[in-house]
1. For residues that are more than 8 Å from every other protein chain (Cβ to nearest Cβ) and touching a strand residue (DSSP E or B) at 6+ places or on another chain (Cβ under 9 Å), tally how many sit in segment A:303-320.
2. Looking only at segment B:113-140, count how many residues are among the charged types (D, E, K, R) and either at pLDDT below 90 or touching a Cys at 6+ places or on another chain (Cβ under 9 Å) (or both).
3. Determine whether segment A:210-228 contains at least one residue that is within 24 Å of the chain's Cα centre (by Cα) and closer than 29 Å to A:Gly105 by Cβ.
4. Quick test of your reading of the structure: B:Thr61 fulfils all but one of (1) under 27 Å from the mean Cα position of the chain (by Cα); (2) crowded, with 18+ Cβ neighbours inside 10 Å; (3) in a helix (DSSP H, G or I). Name the failing condition by number.
5. Which residue pairs have Cβ atoms closer than 6 Å, lie 6 or more positions apart in sequence or on different chains, and pair a first residue in segment B:242-257 that is among the hydroxyl-bearing types (Ser, Thr, Tyr) with a second residue that is assigned to a helix (DSSP H, G or I)?
6. Scan segment B:314-372 residue by residue and report those that are among the charged types (D, E, K, R) and farther than 25 Å from B:Glu220 by Cβ.
7. I want to confirm something. Restricting to segment A:267-302 and keeping residues that are of a type in the set (A, V, I, L, M, F, W, C), closer than 16 Å to A:Pro243 by Cα and within 14 Å of another protein chain (Cβ to nearest Cβ), which single residue is nearest to the chain's Cα centre (by Cα)?
8. Return the total of residues in segment A:183-209 being closer than 17 Å to A:Arg145 by Cβ, outside any helix (DSSP H, G or I) and touching a residue at least 40 places away in the same chain (Cβ under 8 Å).
Amino acid sequence: MDHIVIIGNGISGVTLARHIRKLSDKKITIISAESDYFFSRTALMYVYMGHMKFEHTQPYENWFWKKNRIDLVKGFVEKVETDSKKLLLKDSSYISYDKLIIATGSKPNKFGWPGQDLKGVQGLYSKQDLEMLEKNAPNNKVCNRAVIVGGGLIGIEMAEMLRSREIPVTFLVREKSFWNGVLPAGESAMINEHILEHHIDLQLDTNLEKIISDDNGRAKAVVTDKGETIECNVVGLTAGVAPNIDFLKDSGIELGRGIKVNRFLETNVKDVYAIGDCAEQHEGIGSRRPIEAVWYTGRMMGEALAQTICGQKREYNPGHWFNSAKFLDVEYQTYGWVFSERSKKDNEHHFHWRHATEKICITVAFDKDSYQFLGINTFGIRMRHEIFDQWLTENKDIDHVMTYLKGANFDPEFYKLYEDEIVAKYNADFNKNISPKKKSWKRIFSIA
Amino acid sequence: MGNFDRSMSLAGEPPKALNTGQKLAVLVGMTGMGILILQLFNLKLGNSALWLTISIVAIFTGIIWFSQAAYAHKQKGIKNDGVWFKSISSRGVLAWMAGIALTGFYIVLYFYPQYLGLVKDGDNTGLIALFDPLSKGLSGNPASQWFVYGTMYTVAILAFGAKFIWKYRHNKYEQLRTVSVMFFQTAFAFFIPEIMARLNGDLPYYDLKNMWPLNYYNFERYRINGFIDSGSVGMTMLFFGIISIFVISPFLTYKYGKRWYCSWVCGCGGLAETAGDSFRQLSDKSKFAWKVERWVVHSVVVFVTLMTTAVIYSYLGNDTSKYWLTKTMFISGVAVILTAIFAWVMIYKREELAKDARYGAIGYFTIIAVLIGMHFFSGSGNIFIFKAETLRTTYSFLIGSIFSGVIGTGFYPILGNRVWCRFGCPMAAMLGFQQRMFSKFRITTNGGQCISCGNCSTYCEMGIDVRAYAQKGENIVRSSCVGCGICSAVCPRGVLKLENGPEKGRINSKDVLLGNDVDLMDLVNSK
């Protein structure tokens with residue numbers, strides 16, 4: 001019987017294990033040094049904020065693993081010996097495998113800033129990071145101010161976390177507007193405003209120069225490239241993540257920034273695979289990046305690789321791009337591709353609508369010649385995934401999207417609807433005459 | 001968490017600590033409560049009407065001020081910061097104290113009303129006397145312990161309802177639902193029955209929105225006689241009570257799910273959703289708890305069905321001289337209705353029932369066997385050696401008082417706010433059965449957007465592991481779901497939506513979620 005060993009108990013590794021169990025009787029072992037049981041990494045922030053206890057972030061009850069014969073090993077893999085198909089753990093024990101899947105995720109980026117390894121300086125990725133933050137910033141008496149470096153999704157989450165304990169937060173963002181490498185200008189501007197509404201000291205276009213130590217090796221201040229010195233007790237480094245692959249250096253497995261894999265998620269070494277954040281495609285699939293550090297793609301790789309491991313060889317072939325996040329109180333969803341001004345191609349045009357007073361807006365991307373619908377970003381309005389997926393598959397044009405937009409709304413019942421307003425602006429902007437059609441259950445369900 | 005030292009400060013720190021406004025608000029509210037508590041010691045305060053007004057105004061002001069201090073200065077959005085740090089909402093010392101105090105209050109209320117100041121023949125004293133002026137103003141009668149309870153209950157729903165609306169000021173669904181329970185409590189449970197009592201003294205006290213089996217006593221002899229003796233008004237009310245069970249409620253449940261009742265109309269639900277909102281995260285989400293829930297709540301259904309049948313049977317005659325319905329007609333009628341429901345479910349809805357079919361069958365055959373036994377071997381409404389009256393008092397004690405009151409509400413801060421609704425309420429179980437078998441209601445899962453964070457499961461007051469469905473891309477169709485909508489509200493990624501749609505494709509489990517390879521989805525999901 002094949003012994004499948006998975007390093008990492010995050011969403012990628014656990015999805016893979018579950019699917020292998022559905023398809024086969026193979027022996028499955030998951031090794032993790034981080035936690036005893038699978039938990040949802042995306043939910044760590046809610047533990048610090050007191051919305052949930054850590055055990056609430058665990059999607060399966062503890063009996064689940066034994067019942068499904070998935071062995072859990074707590075340990076840190078120091079070395080992978082691919083010749084003898086063995087793993088050396090930190091406690092000097094060995095685990096042999098027939099097939100090895102590396103799903104070790106990411107670690108926070110550090111860009112060589114002076115003082116980046118001082119006490120009180122930390123990222124936010126793992127359970128250990130959360131525990132460290134609880135020590136570094138238990139309240140606003142121990143932590144008088146925190147400085148967060150890096151304006152991405154983790155940065156804004158960390159700011160929200162600290163604000164929940166009324167800790168003053170300075171947020172250093174390299175870009176001229178929050179996350180504008182990804183978001184179009186109008187959306188990015190709206191989030192800037194929302195960050196300020198939450199009393200976060202947002203400093204745009206500002207870089208970290210160095211972190212200054214006190215006498216005990218703790219961070220006591222940061223210096224920015226504007227020459228300002230900001231006193232603080234905690235520095236959050238949230239300038240993105242990188243694959244967590246240091247332990248593979250001499251393993252013979254081909255590495256780039258991540259673990260190099262082909263479309264079958266195979267590495268250059270036979271019977272060794274990589275999935276999730278730590279995997280790097282030789283070339284990005286479609287408009288995707290070679291490394292996709294996203295919850296959903298980790299899950300999808302697990303779903304795909306399980307088929308290969310169980311004898312039905314299959315490429316990782318993701319469908320239409322989608323993603324979501326929450327910026328403080330504003331929910332964000334995206335379907336298809338909407339690029340920022342910085343990275344969009346010439347043919348991509350945008351239609352943007354923003355509510356006069358509320359933090360609600362959408363941006364629809366389309367081809368300027370064919371009017372083909374390319375993607376949508378929505379803030380403060382929920383949309384149906386199935387419907388947009390279908391429209392993208394059928395290459396619908398933006399007029400179609402506008403006409404049937406009401407059917408795609410996924411907001412809770414009785415919410416105020418803005419489709420009429422949105423379509424009116426679309427008509428005005430592009431000199432069209434579209435009248436939106438009413439939501440129809442028939443249309444919604446012929447799709448699903 | 002919790003392996004490191006936290007600050008030892010008793011006041012706590014944000015988001016655990018109360019701000020100055022909240023502290024003052026607690027003081028005002030507690031002063032109002034203090035006036036009531038003083039009355040327990042039969043302190044003569046003089047003008048009852050004045051002191052009652054002061055007390056209720058202080059309680060209202062305290063709660064509303066507290067909400068204002070908690071939410072007004074914040075952006076609208078989810079307000080769960082520190083829920084698991086605060087003593088009251090995380091089974092801390094305050095929670096246990098509140099639980100014990102509430103439980104004690106219910107025990108006194110149900111079993112020792114004399115300590116509240118109830119005097120059978122003569123003027124009330126103490127707390128109940130304080131409420132006399134209000135009661136006399138409404139119905140003309142002196143107050144009883146139930147009037148005191150009803151008034152406080154209504155005050156709680158109104159004041160904490162206002163707090164809830166403030167908390168969810170970004171969410172129209174939550175607001176409307178709360179306005180609805182506030183209205184039904186104030187009008188239907190509080191004012192209308194009191195006023196009806198003033199207009200027509202013979203009518204039994206009747207909260208029209210309260211239907212059997214929640215008001216298990218509705219078909220007892222004294223009430224039936226009361227209805228009949230009150231002429232057409234009484235007969236209309238009796239008729240309404242019957243069609244509520246067989247027509248109105250199944251129809252509304254088909255259209256909207258059981259939420260139309262449990263979280264929009266019901267008084268128990270109303271209290272749970274308003275005063276109990278701070279405790280919704282305490283419900284047990286384990287599979288074991290779900291198993292216990294199904295056994296206990298369905299046993300209560302069997303119990304209430306048998307008890308009611310036996311009670312009605314016991315006072316019906318063998319001829320039509322007393323009531324047009326005879327013992328034989330009635331018992332055959334009950335058997336026919338139960339058989340029809342059972343047969344229909346087994347034939348048409350077997351799939352929905354799945355593994356639970358066996359339990360349904362056990363329940364059905366138990367009832368039928370007991371009914372036959374009752375008819376042929378006792379003839380008087382006795383079940384084995386138990387008299388119908390014994391059954392009724394037992395039910396009233398165990399379920400009506402202990403379960404729904406003492407445990408159901410008294411244990412809010414320990415077991416969560418819907419313990420009664422989930423484990424004990426036969427009405428919720430029957431509506432839930434309808435919701436599971438034939439209803440357009442479901443909570444739709446939005447494609448592949450779930451990140452398994454667990455907010456939905458944590459804040460489900462009915463202990464449903466919502467995430468378990470959402471992360472499989474499966475819609476949530478569960479008999480216990482009361483449709484409070486909080487899972488959808490707290491979801492950070494817009495994954496859940498309560499809606500009424502076509503019955504076809506209501507449940508749609510997927511192994512591979514939307515967003516992945518379409519061929520893979522076809523391959524895996526078609527199995």
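1. 3
2. Matching residues across segment B:113-140 total 3.
3. Checked against the condition, which is being within 24 Å of the chain's Cα centre (by Cα) and closer than 29 Å to A:Gly105 by Cβ, segment A:210-228 yields no hits at all.
4. (2)
5. Short answer, once both residue conditions are applied: B:Thr253/B:Leu431; B:Thr253/B:Gln434; B:Thr253/B:Gln435.
6. Residues satisfying the conditions are B:Lys349, B:Arg350, B:Glu351, B:Glu352, B:Lys355, B:Asp356, B:Arg358.
7. Per the stated criteria, the residue is A:Val294.
8. Residues meeting the conditions: 3.
The values are calculated or read from the model by the stated rules, or taken from the named source; none is laboratory data. Here the structure is a predicted model, which is why all the values come from computation and not from measurement. Counting neighbours? That spans all protein chains shown, and the Cβs are built from the backbone with ideal geometry, glycine included.
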